[in-house]
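S.K.: Following this message is one structure expressed as structure tokens.
Just so you know, all these numbers are worked out from the coordinates, no wet-lab data involved. Predicted, not measured: the structure shown is a model, and the values here were computed from it. Positions of Cβ are generated from backbone atoms using ideal geometry, with glycine treated the same way; all protein chains shown enter the neighbour counts.
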Amino acid sequence: MSVPLLSVTRRTRRTPFTDRVNASSVKAYTVYNHMLLPTVFGSVEDDYHHLKRNVQVWDVSCERQIEIRGPDAGRLIQMLTPRDLGSMTMGQCLYTPMVDETGGMLNDPVTLKLAEDRYWVSVADSDLLFWIKGLAYGLRLEIDVDEPDVSPLAIQGPKADDLVARVFGEEVRDIRFFRYAMLPFEGRHLVVARSGYSKQGGFEIYVDGSDLGEPLWDALFAAGEDLDVRPGCPNLIERIEARLLSYGNDMTRENTPHECGLGRFCQTQQAIGCVGRDALLRVAVEGPVRQIRSLSINGDALTPCSGIWPVFGGGKRVGRVTSSAWSPDFNTNVAIGMIRMTHWDDGTTVEVETPDGMRNATVHEESYI
Ligand code: THG
């Protein structure tokens with residue numbers, strides 16, 4: 001079967017790193033926040049092994065920043081999320097489920113507090129900017145909402161500390177998980193955060209100004225030659241093992257944060273002002289009746305999941321699988337799905353209707369890694 005190409009236009013935005021990514025023979029892209037996101041370099045499996053052993057540089061510019069600035073910034077941010085941001089301090093990043101008035105997930109960004117009156121919301125793939133602008137205008141809030149020219153570059157893998165220390169200095173080793181420091185590069189101060197869409201450890205550098213993109217990319221590759229640094233990207237296998245959720249795939253506006261297993265990031269009672277507070281307090285009384293789970297699907301490697309695979313228990317529909325990949329380390333197909341409470345206990349056996357036929361599978365309460 002021939003593989004169709006992606007026609008790139010102004011709507012399919014390039015990034016400050018696209019020329020470098022193309023020069024390093026990227027094999028495939030997806031589109032995320034209307035922007036190019038690489039998905040494969042060598043092969044998904046080669047990228048996976050390399051990520052778990054070495055260090056990679058990821059063009060995750062598509063994690064766009066929504067900047068919220070002004071006297072009402074703190075008030076608006078709390079309207080967006082059931083996570084209590086009352087004690088958030090500068091230098092912190094927080095994973096923040098964001099919900100509408102029904103408690104439905106609109107996005108699952110990382111929020112950074114840059115100043116008392118200035119935040120970045122590092123968004124997943126949905127047009128959250130319009131929701132925020134609508135709230136700000138509708139409520140006559142004293143804030144500006146924009147998408148600045150900021151492009152995250154992630155450095156992920158067990159050797160990430162060594163690589164980033166060579167470019168930004170030894171102080172990067174002291175940055176705690178989901179904290180950031182402002183560190184100089186070519187005379188400009190950049191947010192360097194210990195975060196990223198993998199469980200292998202590493203940093204995200206928020207490249208503030210497209211002109212810095214290629215100099216930073218080149219500096220990292222020059223400094224990391226002996227570390228076998230390679231270009232990479234969020235890896236499908238590793239993120240399923242880690243149960244890192246993908247908005248639009250594993251959850252949508254149809255789901256509450258609790259269904260997504262994100263209840264630990266919600267303090268709805270304290271989140272005064274959150275638009276979805278009443279709805280979430282109402283559903284919290286009963287608790288969710290379906291929830292995100294990891295699954296292992298028996299048999300040989302499956303066709304990648306590009307939609308919904310129905311899940312059955314005792315012949316009845318009990319859920320869906322939305323992400324799946326063959327895991328070399330666990331020697332099984334690993335998957336993420338939404339499973340009804342009758343079948344969500346650890347070790348429950350179910351059947352999954354895959355494009356390669358019905359397969360037996362097991363539900364797991366914990367992630368693989
Ligand atoms: N980094 C930044 N922006 C992002 C992402 C990112 N925007 C888009 C997307 N990824 C948002 N989604 C997620 C999902 C998971 C995590 C971060 C962003 C994540 N979760 C960890 C976990 O669940 O184990 C840690 C959460 C915690 O303990 O606070 O890292 O990756 N800048």
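S.K.: Gap in Å between the Cα centre of segment 112-135 and the Cα centre of segment 301-341?
M.R.: Segment 301-341 and segment 112-135 have Cα centres spaced 32 Å from each other.
S.K.: Kindly write out, for segment 320-336 in residue order, the coupling ³J(HN,Hα) from the Karplus curve 6.51 cos²θ - 1.76 cosθ + 1.60 (θ = phi - 60°), rounded to whole Hz, with x marking Gly and Pro.
M.R.: Per-residue couplings from phi come out as 8, 9, 10, 9, 7, 7, 6, 9, x, 6, 9, 6, 7, 7, 9, 8, 10 Hz.
S.K.: Also, quick follow-up: Identify the GluC sites (Glu not before Pro) of segment 225-305 meeting these criteria: DSSP loop state and at most 10 other C-beta atoms within 10 Å of the C-beta. Don't skip to the end; give the middle numbers.
M.R.: On the way: sites: Glu225, Glu238, Glu241, Glu254, Glu259, Glu286; in loops: Glu254, Glu259.
The qualifying sites are Glu254.
S.K.: Can you put His189, His364 in order, fewest other beta carbons within 10 Å first? Walk me through the numbers before you get to the answer.
M.R.: Working: His189 11, His364 18.
With the fewest neighbours first, His189, His364 line up as His189, His364.
S.K.: Let me ask something else about it. Give me D for segment 1-118 in µm² s⁻¹, whole number, from Stokes-Einstein with Rh from the Kirkwood sum over alpha-carbon pairs, 37 °C and 0.692 mPa s. Working shown, then result.
M.R.: Details: Rh = 17.2 Å.
The calculation lands on 191 µm²/s.
S.K.: For segment 1-60, just say rounded, prolate or oblate: build the C-alpha gyration tensor, square-root its eigenvalues into a ≥ b ≥ c, call rounded for a/c under 1.5, and beyond that prolate if a/b exceeds b/c, oblate if not.
M.R.: Working: a/c = 2.21, a/b = 1.44, b/c = 1.54.
Taking the square roots of the gyration eigenvalues as a ≥ b ≥ c, segment 1-60 is oblate.
S.K.: What do you get for trypsin sites (Lys or Arg not before Pro) in segment 111-170 restricted to DSSP loop and a cutoff of at most 12 other Cβ within 10 Å of the site's Cβ? Walk me through the intermediate numbers first.
M.R.: Working: sites: Lys113, Arg118, Lys133, Arg140, Lys159, Arg166; in loops: Arg140, Lys159.
Those satisfying the criteria are Arg140.
S.K.: Let me ask something else about it. How big is the C-alpha Rg of segment 32-179 next to the rule-of-thumb value 2.2 N^0.38 Å, as a ratio? Provide the component values of the computation, followed by the final result.
M.R.: On the way: Rg = 17.2 Å, N = 148, 2.2 N^0.38 = 14.7 Å.
Dividing the Cα radius of gyration by 2.2 N^0.38 Å gives 1.17.
S.K.: Please identify which residues in segment 155-172 have an amide N closer than 16 Å to a label point set 7 Å out from the Cα of Glu186, following the Cα→Cβ vector.
M.R.: Under 16 Å, as judged by backbone N against the label point of Glu186, lie 167-168 of segment 155-172.
S.K.: Something else now. Can you give the extra length, in nm with one decimal, that the chain gains between Ser306 and Ala165 once fully stretched, where that is 0.36 nm per residue apart less the Cα-Cα distance?
M.R.: Values: separation 141, 0.36 × 141 = 50.76 nm, distance 3.84 nm.
Roughly 46.9 nm would be gained on extension.
S.K.: For a test of the definition: using alpha carbon positions, the gyration tensor, and the 1.5 limit on a/c, classify segment 73-124 as rounded, prolate or oblate.
M.R.: Values: a/c = 2.08, a/b = 1.61, b/c = 1.29.
Judged from the Cα gyration tensor, segment 73-124 comes out prolate (a/c at least 1.5, a/b above b/c).
S.K.: By how many nm would the segment from Thr89 to Arg173 lengthen if fully extended, with 0.36 nm per residue of separation less the alpha-carbon distance?
M.R.: Details: separation 84, 0.36 × 84 = 30.24 nm, distance 2.03 nm.
Gain in length upon complete extension: 28.2 nm.
S.K.: With +1 on the Cβ of every Lys and Arg and -1 on the Cβ of every Asp and Glu, and nothing else charged, how large is the dipole of segment 87-223 about its Cα centre, in debye rounded to the nearest 20?
M.R.: On the way: 12 positive and 23 negative charges, 112 e Å.
Magnitude of the dipole: close to 540 debye.
S.K.: A further question on this structure: Stretch Asp211-Ser2 to full length: gain in nm at 0.36 nm per residue minus the Cα-Cα span?
M.R.: Working: separation 209, 0.36 × 209 = 75.24 nm, distance 3.67 nm.
Full extension of this stretch gives 71.6 nm more.
S.K.: Further question: So if I place +1 on the C-beta of Lys and Arg and -1 on the C-beta of Asp and Glu, and nothing else carries charge, what would the dipole magnitude of the chain be about its Cα centre? I want it in debye, nearest 20. Before the final figure, lay out the partial values.
M.R.: Working: 38 positive and 51 negative charges, 149 e Å.
The dipole of the chain has a size of about 720 debye.
S.K.: Here's another thing I want to ask about it. How far apart, in nm, are two points set 7 Å out from the Cα along the Cα-to-Cβ line at Gln267 and at Val31?
M.R.: Distance between label points: 4.0 nm.
S.K.: If you don't mind, there's one more thing I want to ask. Name the residues of segment 268-297 whose amide N is less than 11 Å from a point 7 angstrom out from the Cα of Thr349 along the C-beta direction?
M.R.: none
S.K.: Lys and Arg at +1, Asp and Glu at -1: add these up for the other residues within a Cβ distance under 15 Å of Tyr247 and post the number. Could you put the intermediate results ahead of the total?
M.R.: Details: positive: Arg64, Arg239, Arg243, Arg253; negative: Glu63, Asp100, Asp108, Asp125, Asp127, Asp250, Glu254, Glu259.
Neighbour charge sum, excluding Tyr247 itself: -4.
S.K.: Now a separate question. Per q in 0.09, 0.15 1/Å, what log10 I(q)/I(0) does a Debye calculation on the alpha-carbon atoms of the chain return?
M.R.: -0.52, -1.41
S.K.: Now a separate question. If we sort 99-105, 203-209, 62-68 on the protection proxy, mean other Cβ atoms within 10 Å, highest first, what's the order?
M.R.: On the way: 99-105: 19.9, 203-209: 21.9, 62-68: 23.4.
Final packing ranking: 62-68, 203-209, 99-105.
S.K.: Out of the GluC sites (Glu not before Pro) in segment 161-191, which ones are loop residues according to DSSP with at most 16 other C-beta atoms within 10 Å?
M.R.: Working: sites: Glu170, Glu171, Glu186; in loops: Glu186.
Of the GluC sites (Glu not before Pro), the ones in loops of segment 161-191 whose Cβ has at most 16 other Cβ atoms within 10 Å are Glu186.
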